[in-house]
Structures are given as C-alpha cells and as structure tokens.
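Step one of this worksheet: look at the structure below.
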C-alpha cells in the first residue's frame with residue numbers, strides 16, 4: 001500500500017540506521033543493547049539485521065528455521081507481499097526480552113509490554129539481492145518494511161547495517177529517518193568513521209532523503225593516549241560539521257540530536273562475555289549487587305558502562321518516541337539505583353563539548 005505523507009513521516013521518525021564504514025566498532029553489540037533497554041522501557045522494538053555477516057541474527061537467536069524460513073532477503077525480494085513481509089519478523093530469544101520479575105536497577109523491566117523482534121539475515125542471499133542496482137530497487141526495503149505495514153506494529157525500528165557504504169546500507173538509509181554513527185577512537189577507526197559519515201551524507205543528499213543524525217557514539221574506548229587523541233579529534237570534527245542539532249531551539253529533539261553522545265562506551269570484558277552467552281549487558285547487573293542489595297566494591301566501572309547504554313537508549317527514546325520521554329524519565333527518577341547510575345542518567349551532559357585547544361587532526365578526521 002502507498003503511505004500518506006503523514007504515515008511515511010511517522011515511519012521515518014521511528015526508524016534509525018546504525019551505520020559504519022569499518023567493522024570492529026561494536027555496531028551490532030551497541031544496536032542490540034539499545035534495543036534491550038528500549039524494550040525494558042516498554043517499547044516494542046523491531047531490529048532489522050541488514051548485515052550479511054548475520055551478527056545480530058546469531059546474537060538474538062533468531063536464525064530462520066524450517067517452520068519460519070523467512071528473512072530480510074525475503075522482505076526485500078517480496079516487498080509487495082504483506083503476508084510474506086510479516087512472516088519475516090521473528091521474536092528474539094527469551095534472554096533478550098524484558099524481565100518483569102526483576103527490579104529495573106537489576107536489569108528488569110521498568111514498564112511492562114515491551115519486547116524485541118528481529119528480521120534476521122541469511123548472509124549470501126541478502127548480498128545477492130541487494131547487489132541489484134536499478135534506481136527503483138533502492139526502495140525495496142522501504143516498501144517491505146513500511147508500506148507492507150510491518151513497522152506499524154512497533155514503537156521503534158533499529159537497522160543494523162553492514163560495515164560499508166554499499167547497496168544494503170543504501171537500502172537501510174532510504175528506510176530510515178535517523179542514523180547513528182559509531183566511532184572507534186583509534187587511527188583506523190577515526191578514518192573509517194569520517195569516510196562513513198561522508199558517504200552516508202552524500203547518498204542521502206543525492207536522493208534528497210530527509211535523514212537526520214541522531215548522534216555519534218564513541219565505542220571500545222580505553223585509557224591509551226591514542227584513544228584520548230582520537231576521542232578529542234572526533235568530538236572536534238563532529239562539532240565542525242554539525243555545529244548544532246539541525247532542529248529549532250524550542251524543539252525538544254534539539255537537546256539530543258547530532259553531536260557526540262556522552263558517556264563513551266568503554267572497553268570491558270563483560271560485554272563480549274554477555275554476547276557469548278547470547279544475552280544483553282543488563283544480565284550482568286544482578287551480579288553487581290551484594291546479598292543485601294548494595295553495589296559491590298569495585299563495581300563502579302561496570303555500572304557506569306551499563307548506564308551509558310541506558311542513557312543512549314533514553315536519547316533514542318526522545319528522538320524516536322518523543323511523547324513517551326518525559327513520563328519515562330519521571331518514572332526512572334523515582335527508582336532506587338546506585339549513585340553512579342543516577343549520575344550518568346540524570347546529572348551528566350548529553351553531549352561532549354570540544355576542547356578549546358584541540359590536538360592536531362588525525363588523518364581522515366578533518
């Protein structure tokens with residue numbers, strides 16, 4: 001079906017593509033954590049695995065089966081068949097669903113009714129389909145995802161793109177109203193980040209597609225001097241190309257859109273450990289408390305990292321489902337939580353501010 005202008009705008013407004021020119025920036029992990037925390041806030045979240053590597057599909061336990069063999073390749077190929085498109089949606093494994101038996105501060109659901117569903121990838125089949133180049137083919141994901149009515153059942157849609165600016169990423173961009181750029185603050189990561197931003201912007205502009213920048217996320221950050229320099233230069237570069245949010249000052253989204261989101265996602269062993277178990281990082285929260293419910297000694301860094309994912313999910317909530325943001329924050333502020341979580345969620349700046357005197361530019365980030 002053809003969407004009205006209002007329906008098309010609403011579909012774009014709740015859809016965000018996670019794009020990167022370079023692999024290894026924890027794009028898939030970060031997307032999955034955002035989905036998990038949005039679901040814990042009561043949202044029905046649809047995650048689209050548009051990466052032929054199938055990372056999201058494997059992480060969330062949503063590989064196509066004999067009973068339901070449909071995937072993102074089928075949604076793109078049969079984009080005018082609403083029945084097939086609907087069958088491409090798989091429910092994520094139980095470990096990824098909000099747990100209403102636990103308090104929110106221990107990884108439970110704040111608001112009931114949320115959940116995660118995934119349109120999985122089948123690898124080579126996706127690549128073969130998206131390699132087709134006719135101009136009309138670029139709208140196949142849009143049609144299968146939005147015009148089929150699939151996205152209408154969800155509050156937020158997150159698309160995990162491949163680490164390139166190729167055909168699949170182009171399909172995702174034209175299906176999204178927002179994009180997030182992960183940036184790894186090492187030399188090669190910053191070069192790939194800058195190239196990816198330029199490629200996505202150029203493509204959206206060529207198609208006159210209304211793509212807004214939700215934010216830039218610094219990932220896998222450690223305390224090395226290389227990362228300090230890369231982080232400083234990335235923040236400065238982003239502030240140069242997006243000096244403001246692109247929204248009027250009186251628009252609530254202006255406080256969240258564009259810029260480099262705080263805090264950075266730091267490098268920590270328990271994140272890949274959770275991935276290995278097929279779980280979100282929220283699964284680690286119960287182990288960070290003592291038997292009487294106090295934070296364990298030495299747990300501050302883990303709480304800070306999990307809270308970073310939570311803060312970013314709140315930013316996404318403000319952009320993708322803005323009518324729910326204020327009530328959700330008000331409810332969160334009433335929850336008991338460790339002081340470090342409260343600091344990250346409610347007391348820290350939303351975006352990094354460039355230093356007055358930046359270090360000389362890293363090649364590629366200029």
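Annotations
- All positions within the range 14-25 that are under 11 Å from the mean Cα position of the chain (by Cα) and more than 14 Å from residue 216 (Cβ to Cβ): 15
- Scanning the range 195-225 for residues that are part of a helix (DSSP H, G or I) and in contact with a helix residue (DSSP H, G or I) (Cβ under 7 Å, 6 or more places away or on another chain), we see that the one that is surrounded by the most Cβ atoms within 10 Å (Cβ to Cβ) is 200.
- When every residue of the range 306-324 is checked against the conditions, at least one turns out to be outside any helix (DSSP H, G or I) and at pLDDT 95 or above.
- Among the residues making up the range 75-103, those that are crowded, with 23+ Cβ neighbours inside 10 Å and touching a helix residue (DSSP H, G or I) at 6+ places or on another chain (Cβ under 7 Å) are 75, 76, 85, 88, 96, 98.
- Out of 249, 244, sole residue that is in a loop (DSSP other than H, G, I, E, B), over 21 Å from residue 183 (Cβ atoms) and free of Cβ contacts under 8 Å to residues at least 60 places away in the same chain: 249
- The range 143-188: number of residues that are farther than 29 Å from residue 114 by Cβ, under 18 Å from the mean Cα position of the chain (by Cα) and in a helix (DSSP H, G or I): 1
- All positions within the range 1-13 that are part of a loop (DSSP other than H, G, I, E, B) and either within 16 Å of the chain's Cα centre (by Cα) or touching a residue at least 60 places away in the same chain (Cβ under 8 Å) (or both): 1, 2, 3
- Every pair of residues 6+ apart whose Cβ atoms lie under 8 Å, when the first sits in the range 265-279 and is farther than 25 Å from residue 352 by Cβ while the second is part of a loop (DSSP other than H, G, I, E, B): 274/280; 278/60; 278/61; 278/93
- The residues of the range 327-366 that are over 30 Å from residue 298 (Cβ atoms), surrounded by fewer than 17 Cβ atoms within 10 Å (Cβ to Cβ) and at pLDDT 95 or above, listed by number, are 327, 330.
- Test: residue in the range 280-292 that is over 16 Å from residue 310 (Cα atoms), within 18 Å of the chain's Cα centre (by Cα) and in contact (Cβ under 8 Å) with a residue 24 or more places away in the chain: no
- Single residue of the range 174-191 satisfying the filter (surrounded by fewer than 24 Cβ atoms within 10 Å (Cβ to Cβ) and more than 26 Å from residue 6 (Cα to Cα)) that is modelled with the highest pLDDT: 186
The values are calculated or read from the model by the stated rules, or taken from the named source; none is laboratory data. The structure displayed is predicted, hence computed values, not measured ones. As a convention, Cβ positions derive from the backbone with ideal geometry for all residues, glycine included, and neighbour counts pool all protein chains shown.
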